[in-house]
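The values are calculated or read from the model by the stated rules, or taken from the named source; none is laboratory data. Every value quoted in this text rests on a predicted model; they were computed, and no experiment measured them. Here the Cβ positions follow ideal geometry from the backbone for every residue, glycine too, while neighbour counts run over all protein chains shown.
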Amino acid sequence: MIISMEKNLGGKVAVVTGGGGILCGSMAKALGEYGVKVAVLDLNEQAAQKVADEITAAGGQAIGVKCNVLEVESIRKAHQKVKEAFGPIDILINGAGGNHPKGTTDGEFFSPSDLDKEGFKTFYNMDADSVRFVFDLNFMGTLLPTQEFSRDLIEKGGSILNISSMNAFTPLTKIPAYSAAKAAISNFTQWLAVHFSKTNIRVNALAPGFFLTDQNRALLTNEDGSYTARSEKILRNTPMGRFGVPEELLGTMLFLLDESMSGFITGVVIPIDGGFSAYSGV
């Protein structure tokens, strides 16, 4: 039997939060190629509209919508715009998220001498507001849009796809707030999958490994474009020996969103990481 994703996904309506970014922008454009009507939501309205314009230029249907995923009223207004343009949704991709430099540490390992270093970020002087912001952006920025948009799915069913991270499996050094927040996303994905299991709403997540994006470029590359020491360490522990590219997320995304291919799959968090999670380092 030959299964056509275009036939199965075509005509459905998807909301992609964080859709103005590199990874979720690629997801939004891929959905557009398969005939999905895409609402690209982002705090940066210009970035959202740019992705939407690229989808429509390629023959798809899309709108760009400004949305702050931490403000309930902003989410409601975005939902209304989506319904006016395309009707109720079938797919929600919760892609909004990120980190904050003040929610990190400068050292991988703590040394008492670090406390005497001027301006050195340790566990003890991490900024509480910044840590809270990271938790809110990643976890509440998934929960709140889901509370709003999933109402469209109650009667007819549909698919919710969250974006977790390899940090959820094994926390990376230096970024405790982001790692913990993404672990919360994985846990929430499983909880919500069970909670919605009697309504034909499936909930899954992708856990990307290391993809070079605007968000982490300063951490992974030097000004001349060469890899930082941290990048080299990551690549040594990634069996495939390279960073991922956005297009390598798309096959798994499409599979999880297509009811005919994955209709009995809910509550999974799939690593897309070049083998990072499988490698012991030895």
*Would you say V69 is within 20 Å of S262 (Cβ to Cβ), surrounded by 24 or more Cβ atoms within 10 Å (Cβ to Cβ) and either touching a helix residue (DSSP H, G or I) at 6+ places or on another chain (Cβ under 8 Å) or of a type in the set (A, V, I, L, M) (or both)?*
no
*Under the condition of being assigned to a loop (DSSP other than H, G, I, E, B) and among the aliphatic types (A, V, I, L, M), which residue from segment 242-282 is surrounded by the most Cβ atoms within 10 Å (Cβ to Cβ)?*
V268
*Quick one: would you say A168 is within 24 Å of C24 (Cα to Cα) and touching a Lys or Arg at 6+ places or on another chain (Cβ under 8 Å)?*
yes
*Test for L144: is it aliphatic (A, V, I, L, M), more than 14 Å from the chain's Cα centre (by Cα), at pLDDT 95 or above and part of a helix (DSSP H, G or I)*: yes
*Of the residues that make up segment 19-40, is at least one modelled with pLDDT under 95, more than 25 Å from R151 (Cβ to Cβ), out of contact with any His (no Cβ under 6 Å at 6 or more places or on another chain) and of a type in the set (D, E, K, R)?*
no
*Show the residue pairs that are 6+ apart or on different chains and have beta-carbon atoms under 8 Å apart, the first residue being within segment 104-132 and without any contact (Cβ under 8 Å) to a residue 40 or more places away in the chain and among the β-branched types (V, I, T), the second being surrounded by 10 or more Cβ atoms within 10 Å (Cβ to Cβ) and outside any loop (DSSP other than H, G, I, E, B).*
T122/D114; T122/L115
_For segment 122-139, check the following and say yes or no: at least one residue is within 24 Å of I63 (Cβ to Cβ), of a type in the set (A, V, I, L, M, F, W, C) and not in a helix (DSSP H, G or I)._
no
*Of the residues I185, I154, which is closer than 25 Å to D273 by Cα and either surrounded by fewer than 16 Cβ atoms within 10 Å (Cβ to Cβ) or of a type outside the set (D, E, K, R) (or both)?*
I185
*For segment 1-111, which fully contained helices (runs of 4 or more DSSP H) count at least 3 residues that are of a type outside the set (G, A, S) and within 28 Å of F133 (Cα to Cα)?*
22-33, 45-57, 72-86
*Test result for V82, touching a helix residue (DSSP H, G or I) at 6+ places or on another chain (Cβ under 9 Å), closer than 29 Å to L249 by Cα and either without any contact (Cβ under 8 Å) to a residue 60 or more places away in the chain or hydroxyl-bearing (S, T, Y) (or both)*: no
